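The values are calculated or read from the model by the stated rules, or taken from the named source; none is laboratory data. Here the structure is a predicted model, which means the values were calculated and not measured. Quick reminder, even Gly has a Cβ in these numbers, built from the backbone with ideal geometry, and neighbours come from all protein chains shown.
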Amino acid sequence: MGQHTARAPLVSVQELGTLGGAVSQAKAVNRTGQVVGTSQDGLGRTRAFLWQAELGIVDLKPLTGVNTSANDINDSGEIVGGGDTGFGDFHAYFLAEGTSFDLGTLGGNESEALAVNRRGQVAGHSRLGGAKHAFFIPEPGHMVDLGGLGGGTSIAHGVNDGGEVVGLAATPSGVPHAFLWTATDGMRDLGSLGAAASMALGINNRREVVGGSGRAFLWTERTGMVDLGTLGGRTSCANDVNDSGYIVGVSQTAETDRRGLPVTHAFLRLPDGTMQDLGTLGDVGRGGGGGEHSSAAAISDEVDGTLWIAGHSHDSDARIRAVVWAVRLA
């Protein structure tokens, strides 16, 4: 298990609010602290949002239909996600400078973009023949089917600035495995921790891959897949890694909640291997009095000694709220 030391100094944890509904979740954050995610609105619809410190939370309205998602944002403020088209389809989109572009599909009626790099290249999935297929868009108008690992389903979750894509794909036995795809070598099975299924969720520009296989893992060419441990519980999952090797995710702790279920907390793993519990709304740095569960979805690269971490947390009333943590590096 990861070693537990004192928490990293936290500048703040901030609740981002909602678009009028009961639930919001942050999915990504860039170096300027812009956050995207999804929120219920006052009618109970799921809507894509952008949060900025000076403007608060705003409905992006990327497509004309009812339900939309925002899954990633790069340092230029370009946003990707998915949404109803108004014609019964759900399509991936790319949003830049207030203008949204429908990215289409691989031939079916459903697609969703999950990741965008600094070059505006996009990765995600598109339903084709009854199964989801991972895709990569290296240039506008060119959606590439990344294939699979012998099974029917594949989903791309992350892409770095070199156009290297990670995600999950079913093996011939139907078990999902983490993959790494490159234009030169195609799709590569990264294996798993023991007999567990695995999925890759993030990749940085050093080709360090993170994800989950029962436990959070870090994969590198040199070490293969390494178990990152937990915050004291049984399971964990790593959701993102930045270019300095800081990793974020979610882990069970040794505690149980009011229902008797394992408490799950967001974590930040430092490059030295220590795993920091980021706590929840209302209890960060104070131990108690706040929400029970939290999860970290994404981390920015460092800017002026600060890391931004996006995710969600229960508040003291057990409501799920999008949050952003600001971590000041020592």
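Filter region 119-131 for residues that are more than 17 Å from Tyr93 (Cβ to Cβ) and free of Cβ contacts under 8 Å to residues at least 24 places away in the same chain and give the result.
We begin by selecting, within region 119-131, every residue more than 17 Å from Tyr93 (Cβ to Cβ); these are 119, 128-131.
Leu128, Gly129, Gly130, Ala131, listed by residue number.
Tell me, yes or no, whether region 78-92 has at least one residue that is closer than 21 Å to Gly158 by Cα, surrounded by fewer than 24 Cβ atoms within 10 Å (Cβ to Cβ), of a type outside the set (A, V, I, L, M) and touching a residue at least 40 places away in the same chain (Cβ under 8 Å).
yes
Kindly indicate whether Ala318 is of a type outside the set (Ser, Thr, Tyr), at pLDDT 95 or above and under 24 Å from Thr18 (Cβ atoms).
no
Which one is modelled with the lowest pLDDT among residues in region 44-72 that are touching a strand residue (DSSP E or B) at 6+ places or on another chain (Cβ under 7 Å), outside any strand (DSSP E or B) and not aliphatic (A, V, I, L, M)?
Initial filter on region 44-72 (touching a strand residue (DSSP E or B) at 6+ places or on another chain (Cβ under 7 Å)): 44, 46-51, 57-60, 62-63, 65-72.
Checking which are outside any strand (DSSP E or B) leaves us with 44, 60, 62-63, 65-67.
Pick out the ones that are also not aliphatic (A, V, I, L, M) and you get 44, 62, 65, 67.
Values: Gly44: 95, Pro62: 92, Gly65: 88, Asn67: 97.
The selected residue is Gly65.
May I ask you to verify whether Gly20 is outside any loop (DSSP other than H, G, I, E, B), farther than 24 Å from Val327 by Cα and in contact with an Asp or Glu (Cβ under 8 Å, 6 or more places away or on another chain)?
yes
If you check Ser12 against the conditions, is it at pLDDT 95 or above, under 20 Å from His293 (Cα atoms) and not aromatic (Phe, Trp, Tyr)?
Judged against the criteria, Ser12 is not a match.
Taking His265 as meeting all but one of (1) of a type outside the set (S, T, N, Q); (2) closer than 17 Å to Gln25 by Cα; (3) surrounded by fewer than 20 Cβ atoms within 10 Å (Cβ to Cβ); (4) free of Cβ contacts under 8 Å to residues at least 40 places away in the same chain, write down the number of the exception.
Just one mismatch for His265, condition (3).
Which pairs turn up if I take residues in region 218-246 that are closer than 21 Å to Leu307 by Cα and acidic (Asp, Glu) and look for partners that are buried (at least 18 other Cβ atoms within 10 Å of the Cβ) and at pLDDT below 95 with beta carbon separation below 8 Å, at least 6 apart in sequence or on another chain?
So the pair list comes out empty.
Report yes if Leu218 is closer than 28 Å to Asp75 by Cβ, within 16 Å of the chain's Cα centre (by Cα) and surrounded by fewer than 23 Cβ atoms within 10 Å (Cβ to Cβ), otherwise no.
yes
Quick check on my filter: what residues within region 73-96 are at pLDDT below 95 and on the phi > 0 side of the Ramachandran plot?
Gly86, Gly88, listed by residue number.
Which residues, taken from region 295-307, are touching a residue at least 60 places away in the same chain (Cβ under 8 Å) and either surrounded by fewer than 24 Cβ atoms within 10 Å (Cβ to Cβ) or of a type in the set (S, T, N, Q) (or both)?
Passing the criteria: Ser300, Asp301, Glu302, Val303, Thr306, Leu307.
Considering region 276-296 alone, what residues qualify as being assigned to a strand (DSSP E or B), of a type outside the set (S, T, N, Q) and modelled with pLDDT of 95 or more?
Within region 276-296, just Ala296 meets the criteria.
For Ala169, are the conditions met, namely being in contact (Cβ under 8 Å) with a residue 24 or more places away in the chain, within 25 Å of Leu128 (Cβ to Cβ) and hydrophobic (A, V, I, L, M, F, W, C)?
yes
Considering only region 304-325, state which residues are more than 17 Å from the chain's Cα centre (by Cα) and part of a strand (DSSP E or B).
Answer for region 304-325, where residues must be more than 17 Å from the chain's Cα centre (by Cα) and part of a strand (DSSP E or B): Thr306, His314.
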